[in-house]
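Student: One structure, as structure tokens, below. Some questions next.
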Amino acid sequence: MRILSTVLISFIFALLVGCSSGGEVSGRSIRSANKSVIRIKNRLPTEQRIEFEVSYWTLRDSIKNKEEFLDTVGGKTPEELIVLGKEIFQQRKNAGFKDYDQYNSWDQMIAKFTQDRIDQNKHRKRDPRDAGNSVLYKL
């Protein structure tokens, strides 16, 4: 009985340690960072997804050194990454970065990207192979 309780406590402890950083970006490698960003993005509310994704890729574009990038994003929550993304946007805007000339603010850029995403999904044609994939039963 004593061994069973020790194993159970060890298992619970390992589970808690393994699941504790579920809302943070992994900084072990680029691959794990990308995977964690996808996982986190899918859990975010719709209005925060694009802002989080744009922030991550803005940081990736601005920090060319892989180790420095991983140190910057590793362990960060979505909110922290969005703050960093806004800072990079403002720095680039002040420096006269050509691609940001068309936007007056971060919020305007995010609104445009959101509208672009909506337009992309609106014009997407339904795959004919999906016609047979229905969860409804014909009685």
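The values are calculated or read from the model by the stated rules, or taken from the named source; none is laboratory data. What you see is a predicted model, and the numbers here were worked out from it, not measured in a lab. Every residue, glycine as well, gets a Cβ built from its backbone with ideal geometry; the counts of neighbours run over all protein chains shown.
Student: Of the residues GLU51, GLU87, only one is surrounded by 13 or more Cβ atoms within 10 Å (Cβ to Cβ), touching a residue at least 12 places away in the same chain (Cβ under 8 Å) and part of a helix (DSSP H, G or I); which?
Tutor: Going through GLU51, GLU87 in turn, just one is surrounded by 13 or more Cβ atoms within 10 Å (Cβ to Cβ), touching a residue at least 12 places away in the same chain (Cβ under 8 Å) and part of a helix (DSSP H, G or I): GLU51.
Student: Between VAL17, VAL25, VAL37, which is at pLDDT below 60 and either surrounded by 10 or more Cβ atoms within 10 Å (Cβ to Cβ) or in a helix (DSSP H, G or I) (or both)?
Tutor: Going through VAL17, VAL25, VAL37 in turn, the sole match is VAL17.
Student: Kindly indicate whether any position in the stretch 93-112 is under 15 Å from the mean Cα position of the chain (by Cα), part of a helix (DSSP H, G or I) and surrounded by 12 or more Cβ atoms within 10 Å (Cβ to Cβ).
Tutor: So far as the stretch 93-112 goes, yes, one or more of its residues are under 15 Å from the mean Cα position of the chain (by Cα), part of a helix (DSSP H, G or I) and surrounded by 12 or more Cβ atoms within 10 Å (Cβ to Cβ).
Student: Going by the conditions given, is LYS76 under 12 Å from the mean Cα position of the chain (by Cα) and either exposed (fewer than 14 other Cβ atoms within 10 Å of the Cβ) or in a loop (DSSP other than H, G, I, E, B) (or both)?
Tutor: Yes: the conditions hold for LYS76.
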